[in-house]
Amino acid sequence: MRIKLEKGDMLLELDPAAGGAVSALKHRDLNVLRAAPDRCGPAFEPLQYAAFPMVPFVGRIHNGLFRAQEQSVQLHPNLPPEPHAIHGYGWKTAWLVEVQTSEAVTLLHRHEADAWPWDYEARQTFRVEGSYLLVDLSVTNLGATPMPAGLGWHPYFYRAEASIALPTTHVWHPDDVSGDNTPHEIPSEADLTIAAPVEDLKLDTTFSVASPEIKLEWPTHAVTLRSDPIFSHATIYVPPREDFFCAEPITHAPNSVNGTLSPDITGQKWLEPGQKLSGSIRLEIDH
């Protein structure tokens, strides 16, 4: 069952059973995010929704394989035909409504150790005001050993006449064969420090950012995603021949759990038992 939060000119619709996803976000008569289709029955396709959470990791873990405390961890691929594990578990499982008031909704996702050998719990809290949406994300390690952890949010925007700008510093290019991933200088065709028309881009690319702020503009309105400093990276996805694009605040680079670079560079976190990773994303609308 979808639930709604409404305040002032903002209306948020959530589908907790469908990956804890946002099914619609409107400001007055404007669909700020691409609206999800109607759903009948238990089946859902998260890639058709307005936005979904990424937890307990973001991006790809190459071939679903990494090591933790001398233990080899093998995850199942979850986005065929790719052989990788991608975006964690939250986006493909039902979330529970933990708290619901007229002001906010908190969704809960609990995971019991399986191929991912840690228990954890994740939460999303949504609040709307007259011109913005606030999303609080968290994950807590309930296991007995340190757990790699990351957070992200995957919103879909309409691309027609859109432009995008963000303070990028480096670009990440994972090796398709080895999965090795290191930051590189940004080529001119992928430089987003100056606003670029989305239609001119073809990206499925992660960037390091100087500050976690993504600016989007259309002739009719503008959107700014302002995130906590923990969201030190962003993935921009502009697929060919589609009517949408994605601008995703994330905490770490893809496959960084297999990397040797400093966490200050990759953003990769390891949570001790009982430790929590959390951060907020604020979507502001000027319409």
Report whether or not GLY179 is out of contact with any Pro (no Cβ under 8 Å at 6 or more places or on another chain) and under 20 Å from LYS269 (Cβ atoms).
-> yes
Residue ID - nearest to GLY90 (Cα to Cα), chosen from residues in the stretch 100-115 that are in contact (Cβ under 8 Å) with a residue 24 or more places away in the chain and of a type in the set (A, V, I, L, M, F, W, C) = LEU107
Criterion: open to solvent by 10 Å² or more (accessible area, probe 1.4 Å), in a strand (DSSP E or B) and of a type in the set (Gly, Ala, Ser) - qualifying residue of SER178, SER102, SER138 = SER138
May I ask you to list the residues in the stretch 75-99 that are within 18 Å of TRP153 (Cβ to Cβ) and not in a loop (DSSP other than H, G, I, E, B)?
-> ILE86, GLY88, GLY90, TRP91, LYS92
May I ask you to say which residue of HIS62, HIS76, HIS87 is of a type outside the set (Val, Ile, Thr), farther than 24 Å from LEU225 by Cα and crowded, with 20+ Cβ neighbours inside 10 Å?
-> HIS62
Among (1) free of Cβ contacts under 8 Å to residues at least 60 places away in the same chain; (2) of a type outside the set (Val, Ile, Thr); (3) under 24 Å from LEU283 (Cα atoms); (4) assigned to a loop (DSSP other than H, G, I, E, B) - the single one GLY130 does not satisfy | (1)
How many of the residues making up the stretch 207-255 are polar (S, T, N, Q), out of contact with any helix residue (DSSP H, G or I) (no Cβ under 9 Å at 6 or more places or on another chain), more than 18 Å from HIS27 (Cβ to Cβ) and part of a strand (DSSP E or B)?
-> 2
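Look at the stretch 105-127 and say how many of its residues are part of a loop (DSSP other than H, G, I, E, B) and either in contact with a strand residue (DSSP E or B) (Cβ under 7 Å, 6 or more places away or on another chain) or under 21 Å from ARG226 (Cα atoms) (or both). Break it down stepwise before answering.
Of all residues in the stretch 105-127, those part of a loop (DSSP other than H, G, I, E, B) come to 112-119.
Next, from what is left, pick out any that are either in contact with a strand residue (DSSP E or B) (Cβ under 7 Å, 6 or more places away or on another chain) or under 21 Å from ARG226 (Cα atoms) (or both): 115, 117-119.
Residues meeting the conditions: 4.
Of all residues in the stretch 181-206, count the ones that are in a loop (DSSP other than H, G, I, E, B) and either loosely packed, with under 15 Cβ neighbours inside 10 Å or of a type in the set (Asp, Glu) (or both).
Here is the first cut: in the stretch 181-206, the ones in a loop (DSSP other than H, G, I, E, B) are 181-182, 185-187, 191-195, 201-202.
From what's left, either loosely packed, with under 15 Cβ neighbours inside 10 Å or of a type in the set (Asp, Glu) (or both): 185, 187, 191, 193-195, 202.
Of the residues in that region, 7 qualify.
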Does ILE236 count as open to solvent by 10 Å² or more (accessible area, probe 1.4 Å) and of a type in the set (Val, Ile, Thr)?
-> no
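Of everything in the stretch 92-137, what is of a type in the set (Gly, Ala, Ser) and under 15 Å from the mean Cα position of the chain (by Cα)? Give them in sequence order.
First, the residues of the stretch 92-137 that are of a type in the set (Gly, Ala, Ser): 94, 102, 104, 113, 115, 122, 130-131.
Matches in the stretch 92-137: ALA122 only.
The values are calculated or read from the model by the stated rules, or taken from the named source; none is laboratory data. No experiment lies behind these values; they were computed from the predicted model shown. Cβ: placed from backbone, ideal geometry, glycine included. Neighbour counts: every protein chain shown. Accessible surface is based on the protein model in full, side chains and every heavy atom, while ligands, DNA and RNA are left aside. Shrake-Rupley method; radii C 1.70, N 1.55, O 1.52, S 1.80 Å.
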